[in-house]
Amino acid sequence: MIVLVAALAVTSGGLGLSLTGVFDDDGVIAQSNTATGLMMGHLTVEAQNEGGDMIAYRQTDNEVVDDGEQCILKMLFATTDSTAGRGGYTGGGACTGAPTGAWDVIAIGTDNDNGSYATGQSAATVDALVLLGNETSSSKGLERGGATSKTWTNGTGATTTKIVMSKTFTSDSPRAHAIGESGLFNSTTADANGMLARQTFTGVALSNGDSITITWTFT
């Protein structure tokens, strides 16, 4: 019985390794086709009042949207003919035309509801969104803009490759805003497409003179 169990264990183990690419069909060790790298993102939110005191802090992983994923591949495997859909992708959103703009434009908004979507956001799922829910594009001091800080870490050996981008928004609006979403874009045009990633968080109340710093990290 012990011998039989051992034989079955070896057989099933070999089958499992074969299915996962460790062994080929002849039982010879083969090279795995599993990807060794993934791009992960993180969002940090810090808010301060006019006197510089911290009034809120949030952190969460981000949500890379479908158009953003498509555009990453489009930029890596693009043809020179943008009219044919560079890289074979013919969708819109972040990948309309030649994808030459860097995703270093940070926008914020007040819609942190992941269950309802406004007209123009594209579709009724988070992954399909191409716009923020309610961007603060008309609120002075809270308009989207390029990251004011960029820090690169070049990976060597055990060191992780990453980029950290941040922007501080200071409200100069007479009314309060509950900031609950942020997006990363490749356009400074207000309420425009070109969104790589979006994430919501518990609302942060900003009054006139308060500031909020959004930090996007991609590893």
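For this structure, a couple of remarks:
- Taking amide H positions as modeled 1.01 Å from N, with prolines and chain starts lacking one, the residues under 5 Å from Met195 and 5 or more places away or on another chain are Ala94.
- The H on the amide N of Leu206, modeled in the peptide plane, is under 5 Å from the matching H of His177, Ala178, Ile179, each at least 5 residues off or on a different chain.
- Look at the dipole of the range 122-178 built from charges on Cβ: of Thr136, Ile163, Val126, the Cα furthest out on the positive end belongs to Ile163.
- Averaging 1/r over every pair of different alpha carbons in the range 132-187 and inverting the result gives a Kirkwood radius of 13.6 Å.
- Karplus (6.51, -1.76, 1.60) ³J(HN,Hα), θ = phi - 60°, over the range 171-181, in Hz, Gly and Pro reported as x: 6, 10, 9, x, 10, 7, 10, 9, 6, x, 7
- HN-Hα J in Hz across the range 108-113 - Karplus 6.51, -1.76, 1.60, θ = phi - 60°, x for Gly and Pro: 10, x, 10, 9, 10, 8
- Amide H within-cut-off set for Leu131, under 5 Å, with H built and near neighbours excluded: none
- In order along the range 43-49, phi translates into HN-Hα couplings of 10, 10, 10, 10, 10, 10, 7 Hz, rounded to whole numbers, per the Karplus curve 6.51 cos²θ - 1.76 cosθ + 1.60 with θ = phi - 60° and x for Gly and Pro.
- Cα-based reach from Lys150 at 18 Å (exclusive), listing lysines while leaving out same-chain residues under 8 positions away: Lys162, Lys167
- Mean-position separation - Cα centroids, the range 170-219 and the range 58-73, in angstrom: 16 Å
- Using the empirical formula 2.2 N^0.38 Å as the baseline, the Cα radius of gyration of the range 102-219 reaches a ratio of 1.09.
Taken together, the values in this text are just the output of simple stated rules run on the coordinates, not laboratory data. Remember, predicted model here, so these are calculated numbers, not experimental data. Cβ atoms come from the backbone with ideal geometry, glycine included; neighbour counts cover every protein chain shown.
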